[in-house]
Amino acid sequence: MALVVAGMSLTAVAQTEDYPVRENSVQTNGFWDNWFISAGGGVQVYFGKSDTHGDLGKRLAPALDISIGKWITPSVGVRLQYSGLQAKGYSYGDMPFSEGTADNKGFYKEKFNTMNLHGDFLWNISNAIGGEVDRFWNFVPFVGFGWAQAKGNDITNNELAANVGLLHNLRISDALNVNIEMRSMFVNQRFAYANGSNGVNVMGTITAGISYKINNVGFKRASDL
């Protein structure tokens, strides 16, 4: 969320200063220009301490993404995203998110709801390298931080989380994109009440959805001064 606020401040400052511009540069857009909203759904899998006890297919859980963001330049953007829904796995021993009874090795099935509210810094590497054109496919790596929550069996746990991923933007029109997002969330293993508290667990997510750009889409070329 701090990344989003910093990005908005950068936009406001840029609009009040005049700088020499280079060939193929663009004008800084207004604060309300080039915003976007997006939503997507897919699957996610939690990689916890005991989850390798079960097959990957049995640990797949539904995922949901809802985002709002802004492109500050054709290559740089920020967003605020809600991501989550559910996680499935296994625990050794009866833990807070365990279900049912243990198998003959002492492992329980585990299921809990998840939420991750995070701010991300977006870098459109396609535009950074090739310039802003009406290409069909754009590659957008991102990194961010936020707040993650696990909830199940009337128990709630909150942790700080880091996120990295790759967003594929498939251009349908000036205002509409199809998105394919691949993301990893890194969180302390306390998140799912695993034994120990010094390890790092990962939530891997793949979603597909749409993104709609609102208000003055695109950037105008700046003239040389």
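Please treat every number below as a calculation from the coordinates, not as lab data. Worth saying up front: this structure is predicted, and the values here are computed from it rather than measured. Methodologically, a virtual Cβ is constructed for each residue, glycine included, from the backbone with ideal geometry; neighbour enumeration extends over all protein chains shown.
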Test of understanding: express the Cα radius of gyration of segment 81-142 as a ratio to 2.2 N^0.38 Å, with N the residue count.
1.96
If you average the C-alpha positions of segment 136-150 and of segment 63-78 separately, how far apart do those two centres end up, in angstrom?
9 Å
Please give the contour-minus-distance gain from Trp137 to Ala208: 0.36 nm per residue of separation, less the Cα-Cα distance, rounded to one decimal in nm.
24.1 nm
Long pairs among Lys49/Lys109; Lys58/Lys151; Lys111/Lys213; Lys49/Lys151; Lys49/Lys111, criterion Cα-Cα beyond 24 Å
Lys111/Lys213
Packing-based ranking, highest mean first, of 176-185, 91-100 given that Cβ atoms within 10 Å are counted
176-185, 91-100
At q = 0.20, 0.22 Å⁻¹, what log₁₀ I(q)/I(0) does a Debye calculation on the Cα points of segment 123-219 give, no solvent, two decimals?
-0.98, -1.10
Averaging sequence separations of C-alpha pairs under 8 Å and six or more residues apart, then dividing by the length of segment 36-160, give the relative contact order as a whole percent.
21 percent
So for segment 64-125, averaging the separation of alpha carbon pairs under 8 Å that are six or more residues apart and normalising by length, what relative contact order in percent results?
38 percent
State the Kirkwood hydrodynamic radius of segment 107-169 in Å, one decimal place, computed from all pairs of distinct Cα atoms.
14.2 Å
